[in-house]
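Student: The structure that follows is given in the form of structure tokens.
Nothing in this text is a laboratory measurement; each read-out follows from the coordinates by a stated rule. This one's a predicted model, so the numbers in the text were calculated from it and none came from an experiment. Glycine gets a Cβ as well: all are built from the backbone with ideal geometry, and neighbour counts include every protein chain shown.
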Amino acid sequence: MPFSVVILAAGQGKRMHSDLPKVLQPLGGSTLLEHVVHTAAKLKPEAIYIVYGHGGEHLPNVLKHLPVQWVLQAEQLGTGHAVMQALPPIRDEHDVLVLYGDVPLLRVPTLQALVMGAARGELAILTAKLANPTGYGRILRDAAGEVQGVVEEKDATPEQRRLNEASTGPLAVRASHLRGWLKQVQNHNAQKEYYLPDVIALAVKAGVLASAIVADSEEEVTGVNDRRQLAAAERVLRRRMAETLLQHGVTLRDPERIDVRGELECGRDVVIDINCIFEGAVKLGHRVRIGPNVVIRDCEIGDDTQVFANSVLDGAQIGVRVCIGPFARIRPESQLADETHVGNFVEVKKSRLGRGSKANHLSYLGDAEVGREVNIGAGTITCNYDGVNKHRTVIGDGAFIGSNTSLVAPVTVGPGATIGAGSVITKEAPADALSVARAEQQTVAGWKRPKKTS
Ligand code: UD1
Ligand code: CA
């Protein structure tokens with residue numbers, strides 16, 4: 001049966017105490033809502049509708065890359081009212097899977113089970129037995145164990161609050177049924193809202209089976225209403241990522257101390273030390289070793305490369321058998337060819353280092369084109385910025401740049417050139433020659449060290 005997905009995202013999320021609409025809160029490198037959309041899209045529905053609201057007018061703009069239809073719920077009158085806003089374009093004979101934008105960790109098989117329930121003509125709901133169900137609606141069952149309805153915590157009697165089977169939000173059912181029942185839902189409750197879970201009792205009254213899929217893990221169904229729950233969801237996601245990496249043969253020195261906020265692809269026998277953060281799309285080749293406290297965003301790193309402790313790499317293309325760090329910073333649009341070395345306190349920005357070139361200590365290479373087998377001495381700086389514009393430095397193959405050289409761009413150092421230490425190079429340094437640009441050393445005759453006067 002064709003089905004559409006409706007995701008509720010109009011609530012403001014008061015309990016977050018944030019200026020950001022709740023569904024835009026970050027989780028694992030994207031937003032709560034993106035996680036839900038991403039999972040829903042894997043089911044290949046006809047369409048995904050997102051109900052957004054007053055507090056989040058800019059939602060469709062911020063998330064315009066998502067393959068979804070946006071539906072405005074101008075006033076937040078409750079989850080039942082929200083679903084109603086999305087139903088008009090959905091055909092009666094189609095099924096509808098409703099998801100909550102603040103329940104981000106659901107897995108595909110769980111959602112498939114709901115969709116299958118709807119295909120059988122049932123109202124399929126997702127429940128969970130929670131050690132602490134505070135804040136959730138509770139599932140009401142009859143003596144025979146059949147689901148009868150949901151009572152929201154704020155409307156529940158003390159006895160009902162002791163029930164530990166929670167309504168987790170998502171449900172799936174035929175569109176025609178949902179349309180009919182939602183028209184009958186009233187707002188006579190503690191929050192004066194039209195509750196979506198009220199359709200469950202209406203289904204039972206109409207003789208439609210309300211079938212409960214009981215989630216087998218509590219973490220999967222966690223709703224994110226406050227910062228504490230957001231942090232808990234982040235932890236769950238982190239563990240899931242670590243688990244996947246371990247299954248693929250990656251060595252994690254401590255699976256509890258790695259954060260993958262995006263996609264991390266690893267070759268064979270990769271080793272990752274503790275406290276590393278991976279963001280965006282990161283690809284590590286075979287046998288890559290990443291030291292502790294390394295942050296890598298949007299990089300591709302070749303086989304056998306080593307990144308030592310406390311290095312930060314962003315938007316770089318890195319070859320094979322490269323050594324980086326400790327304490328190196330590689331910034332966007334940089335390319336480090338095979339067997340290059342970038343050592344401690346070296347910053348590389350929008351620069352290319354040819355095969356086998358080395359900048360081992362205390363340097364800044366910005367907007368530079370460095371050939372092969374070049375040695376950049378300690379403390380060398382490309383002066384790439386004149387206060388207004390950026391300029392390029394070009395260094396030929398096999399050049400040797402003495403320590404503490406300032407290369408004032410635009411400037412070229414020819415292949416095989418040698419630059420004397422401490423030089424300020426403002427003109428082309430010819431190939432295969434020594435260029436020195438500093439005052440000659442003098443000894444000043446008769447000079448006396450000053451003495452203290454009082
Ligand atoms: C809801 C359920 C509760 C369930 C819990 C699970 C209702 C009435 N209650 O409670 O049974 O245990 O989720 O996490 O559904 N929203 C709108 N428009 C509105 C109101 C809400 O789009 O007018 C959206 C919110 O953005 C949110 C979702 O619906 O993504 C749920 O709303 P929320 O206020 O968080 O409901 P809960 O109190 O958590
Ligand atoms: Ca919620």
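Student: Starting from the Cα-Cα distance between VAL108 and ALA144, subtract it from 0.36 nm times their residue separation and give me the gain in nm to one decimal.
Tutor: Between VAL108 and ALA144, full extension yields an extra 10.0 nm.
Student: Once you place label points 7 Å from the Cα toward the Cβ at THR134 and ARG257, how far apart are they in nm?
Tutor: Modelled inter-label distance: 3.2 nm.
Student: Here is a further query. What value, in deg cm²/dmol to 500, does the helix sum -39500 (n - 2.57) over DSSP H runs of n ≥ 4 give at 222 nm once divided by the residues of the chain?
Tutor: Values: 8 runs with 77 residues, N = 454.
Helix-only estimate at 222 nm: -5000 deg cm²/dmol.
Student: Relative contact order for segment 50-106: what percent, with Cα pairs under 8 Å and sequence separation of 6 or more?
Tutor: Values: 35 pairs, mean separation 19.8, N = 57.
Taking the mean separation of contacting Cα pairs over the length of segment 50-106, I get 35 percent.
Student: Does segment 3-221 classify as rounded, prolate or oblate by the C-alpha gyration tensor (a ≥ b ≥ c root eigenvalues; a/c under 1.5 gives rounded; else a/b over b/c gives prolate, otherwise oblate)?
Tutor: Cα axes put segment 3-221 in the rounded bin.
Student: In whole Å, what is the distance between the alpha-carbon centres of segment 296-333 and segment 404-450?
Tutor: Segment 296-333 and segment 404-450 have Cα centres separated by 31 Å.
Student: Of the listed pairs LYS14/LYS192; LYS44/LYS129; LYS22/LYS192; LYS283/LYS358, which have alpha-carbon separations greater than 25 Å here? Kindly include the intermediate steps, with their values, before the conclusion.
Tutor: Working: LYS14/LYS192 17 Å; LYS44/LYS129 29 Å; LYS22/LYS192 21 Å; LYS283/LYS358 23 Å.
Going by Cα-Cα distance, LYS44/LYS129 fall outside the 25 Å limit.
Student: Next up: Using a cut-off of 18 Å between alpha-carbon atoms, which lysines can reach LYS390, once sequence neighbours fewer than 8 places away in the same chain are excluded?
Tutor: Partners within reach: LYS349, LYS350, LYS427.
Student: A follow-up question, please. When only DSSP loop residues count, what trypsin sites (Lys or Arg not before Pro) in segment 352-454 have their Cβ near at most 10 other Cβ atoms within 10 Å? Numbers along the way, then the final one.
Tutor: Numbers: sites: ARG352, ARG355, LYS358, ARG372, LYS390, ARG392, LYS427, ARG438, LYS448, LYS451, LYS452; in loops: ARG355, ARG372, ARG392, LYS427, ARG438, LYS448, LYS451, LYS452.
Loop-located and lightly packed - LYS427, LYS448, LYS451, LYS452.
Student: Among the chymotrypsin sites (Phe, Trp or Tyr not before Pro) in segment 376-454, which ones are in a DSSP loop with at most 13 other Cβ atoms within 10 Å of the Cβ? Mind listing them?
Tutor: Of the chymotrypsin sites (Phe, Trp or Tyr not before Pro), the ones in loops of segment 376-454 whose Cβ has at most 13 other Cβ atoms within 10 Å are TRP447.
Student: Using DSSP to call loops (not H, G, I, E or B), can you name the GluC sites (Glu not before Pro) in segment 303-384 whose Cβ has at most 15 other Cβ atoms within 10 angstrom?
Tutor: Taking segment 303-384 and a limit of 15 other Cβ atoms within 10 Å, the loop GluC sites (Glu not before Pro) found are GLU333.
Student: Using alpha-carbon pairs under 8 Å, 6+ residues apart, how would you state the relative contact order of segment 5-45 in percent?
Tutor: 33 percent
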